[in-house]
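To start, the structure under review is shown below, and the notes come after it.
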Amino acid sequence: MQSVQAKDYQVVFGNSGYTALNNLLREKNHSIIFVLVDSNTHEYCLSHFLQNLETNRPLEIVEIDPGEEFKNLETCTGVWNVLSELNADRKSLIINLGGGVVTDLGGFVACCFKRGIDFINIPTTLLAMVDASVGGKTGVDLGALKNQIGVISNPGLVLVDPYFLGTLPLEELRSGYAEMLKHGLIHSQSYWDAVKDYDYTSFETLGDLIRQSVAIKNEVVLEDPYEQNIRKSLNYGHTLGHAIESYFMEEESKTRLLHGEAIAIGMILANFLSQEIAGLDASVCDNSSKVILNYYKKVAFEDRDIEAIIRLLKYDKKNSHGTVYFVLLQEIGNPVLNQEVSNELIYKAFDYYKNLSNK
């Protein structure tokens, strides 16, 4: 697979990616290399990574607990304390080996420690490969509120190794696949057609689609690195999707949703809102929504759930001056930004989702 050139770093793939990584390590000559893992990547991914790593620098492994609930400042403080205890200095390097929680949090830790040290992302989940580890966004949650604290800072390198996909349970693969479907909807009919019926468990050929997804996101980020304009399109389905994810995280009576599961619901809701506001063709709305529903089980919402989700919308990062803004679609590959949506239409969108069948 070819590499993808981002603003000031590369996204490299497969075995050739380790060559690029090892060359970079020789060039930089860091004082200490820290590998940040969670307990899952420590068990299933670290050995493979270390077998491909070539360095004579001191190496330390730092482990955090897995899961979105640990993506917070308390975990950051724990990592910062470990770095200090192990004599990390401004020439140290953090390699983030894990999913989106590890790459988001590890990048933020690196950006703040001693006012900034180098970091490299090695995503191990499909979601992190096509989304979280690319684009320079780092950060942590504030309680159940997603990504409220963070900075934009690019890694020195991103290495995508499809080997790690074989360590994942099916539901984690499915979660990452939602972001690839999103890239299809906002980018082009051709990429939508390529991903909509794809077997995302076929690792042998998935690599090329991952590279295309990375290239799509990178193209948008290069044009708008600080999310002032077109980069907002990457949030399609995320305004309601993040609120749904946060609500299901903090509500004890609910079964927690993975990120992609919540975003899948958010995209179906956004499809309906696009039809009502932005002129998305009804057949495109229905057909694309049924494709999404084919991969993700339907979730039941009561009125009180929807009310709570709407209340959470005010915390969305795209909001401005007290107004909630949505990304919608005029057609596949043609997103429109900064769209205001009434609560009445949001309720109708949930009705649409409730009544939707993938038959």
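Each of Ser342, Ile332, Asn229 was placed along the dipole of the stretch 207-359 (beta-carbon charges, centred on the mean Cα), and the one lying farthest toward the positive end is Ile332.
Using Cα atoms only, what is the angle between the long axis of helix 303-312 and the major principal axis of the chain, expressed in degrees (0 to 90) to the nearest 10? The answer is roughly 50 degrees.
Can you figure out the FRET efficiency of Arg90 with Arg256, using R₀ = 51 Å and their beta-carbon distance, to the nearest 0.05? The value I calculate is 0.85. Relative to the longest principal axis of the Cα atoms of the chain, helix 343-355 runs at roughly 90 degrees.
When both the stretch 125-164 and the stretch 236-315 are represented by their alpha-carbon centers, they are found 22 Å apart.
Set the Förster distance to 30 Å, then compute FRET efficiency between Asp208 and Ser357 from the Cβ-Cβ distance, nearest 0.05. Once the sixth-power term is evaluated, E becomes 0.40. Charging the Cβ of each Asp and Glu at -1 and of each Lys and Arg at +1, and nothing else, the dipole of the chain about its Cα centre rounds to 620 debye. Summing Cβ point charges (Lys, Arg +1; Asp, Glu -1) relative to the Cα centre of the stretch 95-251 gives a dipole of roughly 480 debye. Pairwise inverse Cα distances across the stretch 1-155, averaged and inverted, put the Kirkwood hydrodynamic radius at 15.4 Å.
In terms of the Cα gyration tensor, with a ≥ b ≥ c the square roots of its eigenvalues, is the stretch 80-162 rounded because a/c is under 1.5, prolate because a/b exceeds b/c, or oblate? Because a/c hits 1.5 or more and a/b fails to exceed b/c, the stretch 80-162 counts as oblate.
Given the rule -39500 (n - 2.57) for each run of at least 4 DSSP H residues, summed and divided by the residues of the chain, what is its mean residue ellipticity at 222 nm, to the nearest 500 deg cm²/dmol? Roughly -14500 deg cm²/dmol at 222 nm, from the helical runs in the chain. Computed across the stretch 204-345, the Kirkwood hydrodynamic radius from all distinct Cα-Cα pairs reaches 16.0 Å.
Under a model in which nothing but the beta-carbon of Lys, Arg (+1) and Asp, Glu (-1) is charged, the stretch 257-319 shows a dipole of about 240 debye around its Cα centre.
Of Lys196/Lys290; Lys146/Lys290; Lys254/Lys297; Lys91/Lys146, which pairs sit farther than 22 Å apart, going by alpha carbon to alpha carbon? The pairs that break the limit, which is 22 Å between Cα atoms, are Lys146/Lys290; Lys91/Lys146. By a 1.4 Å probe calculation restricted to protein chains, His42 has an accessible surface near 70 Å², given to the nearest 10.
Bridge orientation summary for the chain: considering DSSP beta bridges with both residues in this region, about 35 percent are antiparallel. Restricting the stretch 80-115 to trypsin sites (Lys or Arg not before Pro) that sit in a DSSP loop and have at most 16 other Cβ atoms within 10 Å of their own Cβ leaves Arg90, Lys91. If the chain linking Glu27 and Ser188 were pulled fully straight, counting 0.36 nm for each residue of separation and taking away their Cα-Cα distance, it would gain 54.1 nm.
One equal scatterer on each Cα of the chain, no solvent, Debye formula: the resulting log10 I(q)/I(0) at q = 0.08, 0.09, 0.14 Å⁻¹ is -0.37, -0.47, -1.14.
Note on the chain: with a GNM built from Cα contacts shorter than 10 Å, the maximum mean-square fluctuation among Pro155, Pro225, Pro123 falls on Pro225.
The values are calculated or read from the model by the stated rules, or taken from the named source; none is laboratory data. What you see is a predicted model; the values in this text were computed from it and never measured. Please note: Cβ atoms are built from the backbone with ideal geometry, for glycine as well, and neighbour counts cover all protein chains shown. SASA here: full protein model, heavy atoms, side chains in, ligands and nucleic acids out. Shrake-Rupley method; radii C 1.70, N 1.55, O 1.52, S 1.80 Å.
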